[in-house]
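So the structure is just underneath, and the comments pick up after that.
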Amino acid sequence: MTYSQALNDALRREMAADDRVVVLGEDVAHYGGIFSVTRGLLDEFGADRVLDTPISENGIVGGAIGMAMSGLRPVVEIMYTDFLCLALDTIANGVAAFPFAFNGQVSMPIVVRTQGGAGINAGPQHSKSLEAWTAHLPGLHTVMPSSPADAKGLLTAALRSDEPVVLVEHKLLYRSEGEVPEGDHLVPLGTAEVVRPGRDATVLALSRMVPEALTAAEQLARQGLEVEVVDVRSLRPLDTATLAASARRTGRVVVAAESWVRYGPSAEIAAAVTELAFDDLRAPVVRLGSLGVPYPASPALEPSVLPNAAAIEHAVEQLVKRTA
């Protein structure tokens, strides 16, 4: 099953099981979503539960707040994380804050699905990784599935949560394929996963960097280096216990995230690991991410600003050499 199909499967199952689940966003109904995640839902569940909206991200999220306060469980699609900017006031001061502002009298069982990351030459206004913004907000979960199985499992968990969840899907992962459990499949929010065990170094990876890290680990294994790869998966809550345990096992840590390094999620992950596993680290934590520039639309230039398997491989090699 592809990543896109896995998300569709999760939506379809939860919509069939709970008629309070509704989907709204730009092109989610008749078109089936720009990446086909909502394809077929309109035919199966009708226009009362799958709604095309005007191009107004702030209005979409505001409408979802009203739906949630009325007892529904809305699933919002914000086409590209860049456009979270247009709804950030409503997300920060409404979705994340209202359960506290109303003293627990209302809940916000809202899922915000959005597409992050570069790699399709979409330019500086359609390629950002802004998960650090939503992960910074108390009251708002932020998760980033890297595989079809996790896409289904994390979305299912988000759909069943009574607290708001932002699900950041990477545009380059939609066509990736993998085994996905049939039937009910749940990945708890706030859990990281060791996807490859190792003893020589740890790579803590987010989203598309997970398959890149696994590729790098395969290359490094040919040199006799066993690299542990941990899929961070969840930024809020952050599974610091799993991350720190891996750091203690290997003593060397590289954090790989596509977002810009400065003030991004890699900074928080590195700080958490340093705080919890400092005595076991053989060197400072190394962070990899995009260069601190707006993303170019040029197919020739875009790859040069993005981290990849080769960069991860080189970072691990240098870290091992420094601490040999």
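The values are calculated or read from the model by the stated rules, or taken from the named source; none is laboratory data. In this text the structure is predicted, and so the values were computed from the model without any measurement. Backbone-built Cβ (ideal geometry, glycine too); neighbour counts: all protein chains shown. We work out accessible area using only protein heavy atoms, side chains counted, and drop any ligands, DNA or RNA first. Shrake-Rupley method; radii C 1.70, N 1.55, O 1.52, S 1.80 Å.
Have a look at segment 129-285 and give its Rg and Dmax from the Cα atoms, expressed in angstrom.
Cα only, segment 129-285: 15.2, 48 Å (Rg, Dmax).
Using a cut-off of 12 Å between beta-carbons, work out the net charge of the residues near residue 283 (Lys and Arg +1, Asp and Glu -1, residue 283 not included).
Residues near residue 283 contribute +3 overall.
Counting other Cβ atoms within 10 Å, keep those with at most 16, restrict to DSSP loop, and tell me which GluC sites (Glu not before Pro) in segment 138-221 are left.
Sparse-neighbourhood loop GluC sites (Glu not before Pro): 179, 182.
Straight-line reach only, C-alpha to C-alpha below 22 angstrom: list the lysines that residue 128 could link to, leaving out same-chain residues fewer than 8 apart.
171
Ordering 3, 31 by how much accessible area each has at a 1.4 Å probe, largest first, what is the list?
On the way: 3 0, 31 145 Å².
The most accessible residue leads, giving 31, 3.
In whole percent, and with a 1.4 Å probe on the protein chains, what portion of the accessible area of segment 1-84 is carbon and sulfur?
51 percent
Can you tell me the length gained on complete extension of the stretch residue 120 to residue 56, counting 0.36 nm per residue apart and subtracting the Cα distance?
Stretched fully, the residue 120-residue 56 segment lengthens by 20.7 nm.
Between residue 324 and residue 297, 0.36 nm times their residue separation minus their Cα-Cα distance comes to what?
Taking 0.36 nm per residue and subtracting the Cα distance, the gain is 5.7 nm.
Return, for the Cα atoms of segment 13-149, the radius of gyration and Dmax in Å, separated by a comma.
14.8, 45
Could you please report the charge total around residue 317, scoring K, R as +1 and D, E as -1 over all other residues with beta-carbon less than 13 angstrom from its beta-carbon?
+2
Let me spell out the model: positive unit charges on the Cβ of Lys and Arg, negative unit charges on the Cβ of Asp and Glu, origin at the Cα centre of segment 183-324. What dipole size does that give, in debye rounded to 20?
On the way: 14 positive and 17 negative charges, 69 e Å.
Using only the charged Cβ atoms, the result is roughly 320 debye.
May I ask you to give the average projected area over all directions of the convex hull of the Cα atoms of segment 1-92, in nm² rounded to one decimal?
If you wrap the Cα atoms of segment 1-92 in a convex hull and average its projections, you get 5.8 nm².
Mind listing the long-range amide H neighbours of residue 112? Cut-off is under 5 Å, sequence gap 5 or more, other chains count too, H placed in the peptide plane at 1.01 Å from N.
Distant-sequence amide H within range of residue 112: 76, 165, 166, 167.
Report, by chain and number, residues whose modeled amide H sits under 5 Å from the one on residue 22, excluding near sequence neighbours (fewer than 5 apart, same chain).
73, 75
Averaged over every viewing direction, what's the projected area of the C-alpha convex hull for segment 200-256? Give it in nm², one decimal, please.
Its average projected convex-hull area is 3.5 nm².
Could you name the aspartates and glutamates whose alpha carbon sits less than 13 Å from that of residue 152, not counting residues in the same chain fewer than 8 places away?
Once the sequence-local aspartates and glutamates are set aside, what remains near residue 152 is 9, 14, 169, 177, 179, 182, 184.
Could you calculate the contour length gain from residue 182 to residue 310, that is, 0.36 nm times the residue separation minus the distance between their Cα atoms, to one decimal place in nm?
Full-extension gain reported as 42.6 nm.
Tell me, what is the Rg over Rh of segment 62-141, with Rh the Kirkwood radius over Cα pairs?
Working: Rg = 13.6 Å, Rh = 13.3 Å.
The Rg/Rh ratio comes out at 1.02.
Using the Kirkwood radius built from alpha carbon pairs, what does the Stokes-Einstein equation give as D for the chain at 4 °C and 1.567 mPa s, in µm² per second?
Value of D from the Cα-based Kirkwood radius: 65 µm²/s.
Which of the peptides 255-264, 309-318 is most tightly packed, and how do the rest follow, going by the mean number of other Cβ atoms within 10 Å of each residue?
Listed from highest to lowest mean packing, they are 255-264, 309-318.
Can you pull the percent of segment 148-290's accessible area that's carbon plus sulfur, 1.4 Å probe, other chains left in place?
48 percent
Can you give me the distance in nm between label points at residue 36 and residue 282, each placed 7 Å from the Cα along the Cα-to-Cβ direction?
With each label placed 7 Å out from Cα toward Cβ, I get 4.6 nm.
For the chain, what is the accessible area per residue in Å² when the probe is 1.4 Å?
Accessible area per residue, the chain: 41 Å².
Under unit Cβ charges (Lys, Arg +1; Asp, Glu -1), what dipole magnitude, rounded to 20 debye, does the chain have relative to its Cα centre?
780 debye
Report the semi-axes of the equivalent ellipsoid for segment 231-324 in whole Å, largest first, where each axis is √(5λ) for an eigenvalue λ of the Cα gyration tensor.
On the way: eigenvalues 127, 55, 19 Å².
Taking √(5λ) for each eigenvalue gives 25, 17, 10 Å, largest first.
Rg to Rh ratio, segment 241-281, alpha-carbon atoms and Kirkwood radius?
0.98
Taking all pairs of different Cα atoms in segment 141-203, averaging 1/r and flipping that mean, what Kirkwood radius in angstroms comes out?
Working: mean 1/r = 0.0774 Å⁻¹.
It works out to 12.9 Å.
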